[in-house]
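Here the structure comes first, spelled out in structure tokens, and everything after it is commentary.
The values are calculated or read from the model by the stated rules, or taken from the named source; none is laboratory data. In this text, all values refer to a predicted model and were calculated from it rather than measured experimentally. Heads up, the Cβs are rebuilt from the backbone with ideal geometry, glycines too, and the neighbour counts pull from every protein chain shown.
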Amino acid sequence: MKQLFKILYIICLLLPFTACNNNDEADEAWKNSNQDAYRKVQNDPSYTALETASGPSGVYYKVIDGKTGDETNYPLHTASVKILYKGYYYDDAANLFDEGTGSSNTAKELYLQNTVRGFNFALQNMSLGAKWKIVIPYYLGYGETNLYDDYYNVTMKGCTTLFFEVELVEINQYPKQ
């Protein structure tokens, strides 16, 4: 039994080094094009890097339509928010993978704790009423492996840079303040 745990431990240690290193040409092309899209954002002066206490987070944003929000109300990491959003690949609206509006064009409610790390971090830095374009690198998004997210009904290839247009329309803080 100890031997089995030892083998599983070694496999878990090696997994991060094998992901995104697939020899399949299509996967390699996908990875490279996503990294190129992210580098373009890093070099674009219209984007701002979100900072953490220890430095850059890896998440970038820019204000859309001049909507900076009220700059006083920000969601906590335990909040639920209502947002209007679109998620797409390559900074290209033609590559839409998710749209956060209901059939009646109403805002979608999300719990920040149920979102990917980069999205959670970006939303905590948005004030009520803000509208941003957010760019999330794969390591703060869905990671390095292909997956299907049942909660959001999204299929995502590994190493995908995520682009979102988000408008924060409501904040419900938990615990209540």
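Which ones in the stretch 36-74 are touching a Leu at 6+ places or on another chain (Cβ under 6 Å) and either exposed (fewer than 13 other Cβ atoms within 10 Å of the Cβ) or of a type in the set (Gly, Ala, Ser) (or both)? Outline the logic, then answer.
Going residue by residue through the stretch 36-74, those that are touching a Leu at 6+ places or on another chain (Cβ under 6 Å) are 57-59, 69-70, 73.
Scanning the stretch 36-74 gives Ser57, Gly58, Gly69, Asp70.
Every residue in the stretch 34-61 that is modelled with pLDDT under 90 and more than 17 Å from the chain's Cα centre (by Cα), please.
Ala53, Ser54, Gly55
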